[in-house]
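S.K.: Dropping a structure here in structure tokens format, bear with me for questions.
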Amino acid sequence: MNQKFIPLSVPNLKGKELEYVTHAVETEWVSTGGPYVNEFEEKTAKYVNARGAVSVQNGTSGLHIALQVCGVTRLDEVIVPTLTFIAAVNPVKYIGAEPIFMDCDDSLCMDAEKLKDFCQMQCSFIDGQLINNKTRKHIKAIIVVHVFGNMAKMEQIMEVATSYNLKVIEDATEAIGTYYTNGPYVNKFAGTIGDVGVYSFNGNKIMTTGGGGMVVSDDAVLLKKTKHLTTQAKSDELYYMHDEIGYNYRMTNLQAALGLAQLEQLENFIKIKEKNYRLYKGAIEEIAGLSILEFDKNIRSNHWFYGLYINYDYPLDRDEVIRYLSTKRVQVRPIWGLISEQIPYVDSQTYKIEKASDYVRHVVNIPCSSNLKEDDVEYVIDCLKKL
């Protein structure tokens, strides 16, 4: 009998998803109106201990709106990571602003020390604005991405942001459920430390609505503005009056019904993912040339994705590992290509990109679904051992 296919990351829909979605269909609340949308917003905000939440069509639209409500304009620049999915940076261009690319540290998240160094050495702080010495433009914000369910060093990043009057947008699209267990932000969830946080519920995330996302904040003004812009900026709903350019970004009731069922299971999903991570880690540490990337010791991570680091001691390189595991019906993927090297961004400013380049050459993601069985994990490990 052929070995079954082991996908990289697929949804786990074994809760009340069908019940809630069926109810939405039977009551004919299937579009952006409907009780599940409001309930999902309220329960997401409660789960992460945020003041409020506004649903959106996906994480990308959430980041687009976050930039707008934080006051970023086409005249501004935004500091972003180079090692992330391109959807974290494209919204900067939607606004018409320019990105400045920063390196990662060993968490794969933005290097807080290089961020501080860049602001100190490459910029000037004039009349409450951080001015880029090279372009003479105002740097308005930082987009921080919490990669694979890890968490960036938010204490240091927030210190930089406070010192230079920068808005902080947390791309927590991969990190819902991750929170600090130590330090000044103990018990604070990814997405709730900066000015605005954004979550994604894409099909490969730890919880899914098929598509969809959520914007969270503790700032009532930003939340009100976010809701206004994501619902076509209606100043008078009855007479369809609009006071600015808005967007059709609100989540549908069907998506929210799915999301509520997923949120109910999130803590269990995290337990399963952490267990499988530890199974992988314990066994792979014994294989010469391989290691599993660590999660920060000061956080409870959601363990969304597992990063396999392939050293030069291993008989295969990154691309050979991908091809080899494919023949064994195991789906793996390389980490993203650096955004600063992509065609739309090759002329953008970068700052000391070093570690990110190394991780791109050496890291692949291995199967991590929350419905992954122990024997699936063991099969992947056995494949890696047999070389």
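Quick note: the coordinates plus some simple rules give every number you see, no bench work behind them. Here the structure is a predicted model, which is why all the values come from computation and not from measurement. We place every Cβ from the backbone using ideal geometry, glycine too, and count neighbours over all the protein chains shown.
S.K.: Stokes-Einstein at 20 °C, 1.002 mPa s, Kirkwood radius from Cα pairs: D for the chain in µm² s⁻¹?
M.R.: Using the Kirkwood radius from Cα pairs, D works out to 99 µm²/s.
S.K.: Right, another one. Can you figure out the FRET efficiency of Asp106 with Ser326, using R₀ = 30 Å and their beta-carbon distance, to the nearest 0.05?
M.R.: In this case the efficiency is close to 0.60.
S.K.: Hey, another quick one. With just the Cα atoms of the range 266-385, tell me how far they stretch along each of the three principal axes, in Å, largest first.
M.R.: Projected onto its principal axes, the Cα set of the range 266-385 covers 47, 35, 23 Å.
S.K.: Right, next: Over the range 17-262, what is the relative contact order in percent, taking alpha-carbon pairs closer than 8 angstrom and at least six residues apart?
M.R.: It comes to 27 percent, rounded to a whole number.
S.K.: Roughly what % of Cα-Cα distances in the range 186-239 sit above 13 Å, to the whole percent?
M.R.: Looking at the range 186-239, the distances longer than 13 Å represent 68 percent of pairs.
S.K.: Would you please name the trypsin sites (Lys or Arg not before Pro) within the range 72-154 that are DSSP coil residues with at most 11 other C-beta atoms within 10 Å of their C-beta?
M.R.: Arg74, Lys134, Arg136
S.K.: Could you work out [θ]222 nm for the chain from helices alone, using -39500 (n - 2.57) per DSSP H run of at least four and dividing by all its residues? Round to the nearest 500 deg cm²/dmol.
M.R.: Result for the chain: -11000 deg cm²/dmol, rounded to the nearest 500.
S.K.: Express the relative contact order of the range 1-115 as a whole percentage, based on alpha carbon pairs under 8 Å and six or more residues apart in sequence.
M.R.: 16 percent
S.K.: A follow-up question, please. Inverting the mean 1/r over all pairs of different Cα atoms, compute the Kirkwood radius of the range 215-300 and quote it in Å.
M.R.: Evaluated over the range 215-300, this radius sits at 17.4 Å.
S.K.: Ok, one more. Using DSSP, restrict attention to beta bridges with both residues in the range 17-262 and report what percent are antiparallel, rounded to the nearest 5.
M.R.: Antiparallel bridges: around 55 percent, rounded to the nearest 5.
S.K.: I need the calculated FRET efficiency for the pair Glu42 and Lys234, taking r as the beta carbon distance and R₀ as 22 Å, to the nearest 0.05.
M.R.: For Glu42 and Lys234, the calculated efficiency is 0.55.
S.K.: Would you please classify the overall shape of the range 5-144 from the alpha carbon gyration tensor, given that a ≥ b ≥ c denote the square roots of the eigenvalues, rounded means a/c under 1.5, and beyond that prolate means a/b larger than b/c while oblate covers the rest?
M.R.: Judged from the Cα gyration tensor, the range 5-144 comes out prolate (a/c at least 1.5, a/b above b/c).
S.K.: Please list 41-50, 208-217 highest first by mean number of surrounding beta-carbon atoms within 10 Å per residue.
M.R.: For the peptides 41-50, 208-217, the packing ranking is 208-217, 41-50.
S.K.: Put a dot 7 Å past each Cα toward the Cβ at Leu316 and Ser124; how far apart are the dots in nm?
M.R.: Distance between label points: 5.5 nm.
S.K.: Rounded to the nearest angstrom and ordered from largest down, what semi-axes does the equivalent ellipsoid of the range 149-285 get from its C-alpha gyration tensor (root of 5λ)?
M.R.: Equivalent ellipsoid semi-axes, largest first: 32, 23, 10 Å.
S.K.: When you count, for each residue, the other Cβ atoms within 10 Å and take the mean per peptide, how do 312-321, 327-336 rank with the highest first?
M.R.: In descending order of packing, they fall as 327-336, 312-321.
S.K.: In this model, which of Lys46/Lys373; Lys14/Lys227; Lys137/Lys205; Lys93/Lys134; Lys114/Lys275 are farther than 29 Å apart at the alpha-carbon?
M.R.: With Cα atoms farther than 29 Å apart: Lys46/Lys373; Lys14/Lys227; Lys137/Lys205; Lys114/Lys275.
S.K.: Would you mind putting 179-186, 240-247, 224-231 in packing order, based on average other-beta-carbon counts within 10 Å, highest first?
M.R.: Final packing ranking: 224-231, 179-186, 240-247.
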